[in-house]
Amino acid sequence: QLGLFAAITSLSYVFWVLGAMEMVERLAYYGVKAGATLYAKDPISQGGLGITMSSFGTILMTWALVQSLVPVFSGGLSDRFGYKRTFFVSTLVKIAGYLVMAFFPSYSGFFCGAILLGAGTAIFKPGIQGTLVKATRRENSSMAWGIFYQTVNIGGFLGPLVAGLLRKLAWQNVFFACAAIICLNFLLL
């Protein structure tokens, strides 16, 4: 096994690009997901959905189902068509989800946007995991996983902060910002 610094320096360029892509994806995702309950509960007069928590629970359940079941199929598509193509498609789907939320500030708009975000995430994850496996080797895989997972945490930490600032202006700004943030993955791709 490699030592700490040897393991870090042995990580390839592809690994670091993957980490950046994951951080961008999680920053945008948690920008919406962390504040979604506040958005759902805020009255319409304040730019929220003004729905019950029971209705919001239906959205969350469907979002989770899509995000959990679709990778069974999208993983095979990633292997067949290539990881870069699935990253591209997932980014387009996620942009569509954020924009649907921004342009259709209603229960049905948020519901459709959540389904698109769940599908986009479900398309993204198998490709990122497959590429991560190919970008590491036995001697550095545990260190790589630890660093990679830290990029998830950084994105998950920053997303709600960005959303918290933007929602003070208008909820729509959160969705537009998340759509813009996820576009950064096109540059990394």
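The values are calculated or read from the model by the stated rules, or taken from the named source; none is laboratory data. The shown structure was predicted, so the numbers you read here are calculated from the model rather than taken from an experiment. Reconstructed Cβ throughout: ideal geometry from the backbone, glycine too, with neighbour counts over all protein chains shown. Ligands, DNA and RNA are excluded from the accessible area calculation, which covers all protein heavy atoms including side chains. Shrake-Rupley method; radii C 1.70, N 1.55, O 1.52, S 1.80 Å.
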Failed criterion for residue 88 (all others in (1) more than 16 Å from residue 128 (Cβ to Cβ); (2) open to solvent by 50 Å² or more (accessible area, probe 1.4 Å) hold): (1)
Test: residue in segment 159-177 that is under 22 Å from residue 83 (Cα atoms) and open to solvent by less than 60 Å² (accessible area, probe 1.4 Å): no
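Only one of 7, 28, 36 is of a type in the set (A, V, I, L, M), modelled with pLDDT under 95 and under 15 Å from residue 116 (Cβ atoms); which? Quick ask: steps written out before the conclusion?
On the way: 7 fails: under 15 Å from residue 116 (Cβ atoms); 28 fails: modelled with pLDDT under 95.
Matching residue, one of 7, 28, 36: 36.
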Condition broken by residue 112, with the remaining ones in (1) open to solvent by less than 60 Å² (accessible area, probe 1.4 Å); (2) without any contact (Cβ under 8 Å) to a residue 24 or more places away in the chain; (3) within 17 Å of the chain's Cα centre (by Cα) satisfied: (1)
Residue check, residue 49 outside any helix (DSSP H, G or I), farther than 23 Å from residue 149 by Cβ and in contact (Cβ under 8 Å) with a residue 12 or more places away in the chain: yes
Exclusive hit being open to solvent by 50 Å² or more (accessible area, probe 1.4 Å) and on the phi < 0 side of the Ramachandran plot, set 117, 38: 38
